[in-house]
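Chemist: Before we start, here is the structure in question, set down as structure tokens.
Values in this text are rule-based calculations from the coordinates and carry no lab data. In this text the structure is predicted, and so the values were computed from the model without any measurement. No Cβ is skipped: glycine too gets one built from the backbone with ideal geometry, and neighbour counts run over all protein chains shown.
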Amino acid sequence: MYSTKLIYNLLLLQLVICVTYLIAVDTNNEDEITALPGLKDKLNFKQYSGYLNIPDGKHLFYWFVECETNPADAPVVLWLQGGPGGSSLFALFVENGPFSVDAAGKTLKLNPYSWNREVNMLYIEAPVGTGFSYKDDKNYFNNDTTSAADNRLALVEFFKKYPNLQKNPFYITGESYAGVYIPMLAQEILSTKTDINLKGIGIGNGALTGRDGTDQSVIDLLLGHGLVTIESYERKIEACCQCADGQPVNECVFAKPVNATKCKQAKLDQTDALNAYNIYDDCGGLNDAYLSSMYDQYHSSRFEALGIQTLQQSYSSSNNNKLICPQSGYSDYLNTPAVQLAIHARKPDKNQWYVCCGPYDFTHASTPQHDIVRELIDKYGLKRVTVYNGDFDIVCDFIDDQRFVDNLGYQRDGHYKEWTVDGKSDGIICGYVERYEKGLQFVLVRGSGHMVPKDKPEAALQVLKDLIGVVKL
Ligand SMILES: *[C@@H]1O[C@H](CO)[C@@H](O)[C@H](O)[C@H]1NC(C)=O
Ligand SMILES: *[C@@H]1O[C@H](CO)[C@@H](O)[C@H](O)[C@H]1NC(C)=O
């Protein structure tokens, strides 16, 4: 009797020690976010944030959101925002992360189409100087090459913090200028034989062609949507697109016309000013610091060269009152001291966290990605390359990216076909997919602007599931 009780107690003690040990192991990570201001819901996943410290006194801020189910084996998916120098926390709060923020920047609401339903999501604010990321000596220099190198080093640090995830399939995703970051980071990982289980990349409305979008494809898209007159379109093409030797007829660069005066004089007759990020959305971009600063910094001169009136342009020049548009308070939220404390973020150098744009050397045009993507596929055997585009965007338009994929020179595999969410025949048609050999594909997302996970969250989640091989579009 007595000894049974003793054994029972001993076992119980052992169990307590064991459980305590397990908890200790689990909470050892000081980066765990234990509570978030403004969040009422109980979460069924864990999250971590803090810094990935790399050489030269660089500290990249990361936010890691575990998968809702089986995080130990789920793929790890990195998201890189565009800009360049845009914060990936924009995607976390506005596109594919677990929460959205109310207009006041106080309350968080769960996102039913968060990508962490399927995968472990890693958001890194890159390059250094973006968002909460910083450098000790504050002497910033980032370009396409240094960003790729730093991003790889940051990933190595990430897997040092989370060694149990090193074996998991790894994917790199992102949008816009991440069309440069993503292939170059993949190349950096593969060429240095870094111990990362890289399986594929997914690029949304990417800056892939290295021409900054001053292409004919932008006004071709407007013509296709009935937003410019035929007569003015033809006059514009004639005035601007005298073909230089060997230049394809459909790839006229409006920034460098043979006769600049003549090109400028030919005015497009378009409908009212358009939202460059989504031609059918009167709001997005006007009410958001990310989109307006990105526009001012990188896109205004492009659209001027093209002769296209945008809402962003008229907004910044006329200083109109903001339209009544849905607002996200992510910027106020991230500038709340209690939030910064909860996510282990340091106060940024300029005292304010801002979404766009961190320091970037833009004296050179962005690096064209054709050769790099071919190398990823042919030399390193990367198994999955998805280029997806919302078709209402003229910042990185789908025609240019579809042509980019087609020009890579791979065999088409089957015809251009429609896809749906989970293949339901009665489901909505989400868009079209063109498959090529060797795991390359172009995916069109119908009715979406520049930020696909924001405009078409359900479709975007499906594109992710296809990328990681859970479904086939
Ligand atoms: C980035 O800067 C480094 C250092 O100055 C230089 O070697 C490299 O060529 C630059 N890369 C690009 C794409 O301009
Ligand atoms: C450029 O176009 C303008 C306006 O059409 C014209 O007056 C001028 O002669 C052209 N210049 C050249 C070098 O062809």
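Chemist: With a 10 Å radius around each residue's Cβ, average the other Cβ atoms per peptide and rank 117-123, 399-405, highest first.
Modeler: With the highest mean Cβ count within 10 Å placed first, the list reads 117-123, 399-405.
Chemist: Under 1.5 on a/c is rounded, so check that first for the chain, then, if it is not, pick prolate when a/b is larger than b/c and oblate when it is not; a ≥ b ≥ c are the square roots of the alpha carbon gyration tensor eigenvalues. If you can, show how the numbers build up before the last one.
Modeler: Values: a/c = 1.94, a/b = 1.70, b/c = 1.14.
The shape class here is prolate.
Chemist: Going by amide H atoms built from the backbone, whose H comes under 5 Å of the H on TYR388, apart from near neighbours?
Modeler: ILE203, GLY204, ASN205, VAL443
Chemist: Among the aspartates and glutamates, select those whose C-alpha is under 13 Å from the C-alpha of LYS472, and discard any that sit fewer than 8 residues away in the same chain.
Modeler: Filter leaves GLU418, ASP422, GLU434.
Chemist: Going by amide H atoms built from the backbone, whose H comes under 5 Å of the H on THR420, apart from near neighbours?
Modeler: CYS430
Chemist: Just for the stretch 377-473, what percent of DSSP beta bridges are antiparallel, to the closest 5?
Modeler: Counting only bridges with both partners in the stretch 377-473, antiparallel ones make up about 60 percent.
Chemist: Further, regarding this structure: Past the 30 Å Cα-Cα mark, which pairs from LYS267/LYS417; LYS161/LYS465; LYS58/LYS456?
Modeler: LYS267/LYS417; LYS58/LYS456
Chemist: A further question on this structure: Run the reach check for LYS193 against aspartates and glutamates, Cα to Cα strictly under 18 Å, same-chain hits fewer than 8 apart removed. What comes back?
Modeler: ASP150, GLU157, GLU375, ASP378
Chemist: Right, something else. Output ³J(HN,Hα) for the stretch 428-434: one whole-Hz value per residue in order, computed from phi by the Karplus curve 6.51 cos²θ - 1.76 cosθ + 1.60 with θ = phi - 60°, and x for Gly and Pro.
Modeler: After applying 6.51 cos²θ - 1.76 cosθ + 1.60, I find 6, 6, 8, x, 9, 9, 10 Hz.
Chemist: Rounded, prolate or oblate for the stretch 43-173? Axes are the square roots of the Cα gyration tensor eigenvalues, ordered a ≥ b ≥ c, and the cut-off for rounded is a/c under 1.5.
Modeler: Oblate.
Chemist: Would you mind checking the pairs LYS106/LYS135; LYS379/LYS438; LYS109/LYS350; LYS167/LYS454; LYS109/LYS424; LYS42/LYS109 and listing those with alpha carbons more than 22 angstrom apart?
Modeler: LYS106/LYS135; LYS109/LYS350; LYS167/LYS454; LYS109/LYS424, as the Cα separations exceed 22 Å there.
Chemist: Starting with the highest mean, order 224-234, 129-139 by the number of other Cβ atoms within 10 Å, averaged over the residues of each peptide.
Modeler: Put in order of decreasing packing, that is 129-139, 224-234.
Chemist: Then there is this: Label the stretch 120-217 by shape, choosing from rounded, prolate and oblate, from the square roots a ≥ b ≥ c of the eigenvalues of the Cα gyration tensor; if a/c is under 1.5 it is rounded, and otherwise prolate applies when a/b is larger than b/c, oblate when it is not. List each step's numbers first, then the result.
Modeler: On the way: a/c = 1.98, a/b = 1.25, b/c = 1.58.
It is oblate, given that a/c is not under 1.5 and a/b is not larger than b/c.
Chemist: Taking the DSSP beta bridges in the chain as the whole, what percent of them are antiparallel, to the nearest 5?
Modeler: 55 percent
Chemist: Same structure again: Helix 398-407 versus the longest principal axis of the chain: what is the Cα-based angle in degrees, 0 to 90, to the nearest 10?
Modeler: Roughly 80 degrees between the two axes.
Chemist: Now for a separate question. I need the phi-derived Karplus couplings for the stretch 369-383: 6.51 cos²θ - 1.76 cosθ + 1.60, θ = phi - 60°, integer Hz, Gly and Pro marked x.
Modeler: Working through the residues one at a time gives 9, 3, 5, 5, 5, 4, 5, 4, 7, 7, 7, 9, x, 4, 7 Hz.
Chemist: Highest mean first, how do 440-446, 331-337 rank when packing is the count of other Cβ atoms within 10 Å averaged over residues?
Modeler: Ranked by mean Cβ neighbours within 10 Å, highest first: 440-446, 331-337.
Chemist: Now for a different question. Would you compute, from DSSP H runs of 4+ residues alone, the mean residue ellipticity of the chain at 222 nm, taking -39500 (n - 2.57) per run and dividing by the full residue count, rounded to the nearest 500?
Modeler: Numbers: 15 runs with 149 residues, N = 473.
My calculation for the chain gives -9000 deg cm²/dmol from helical runs alone.
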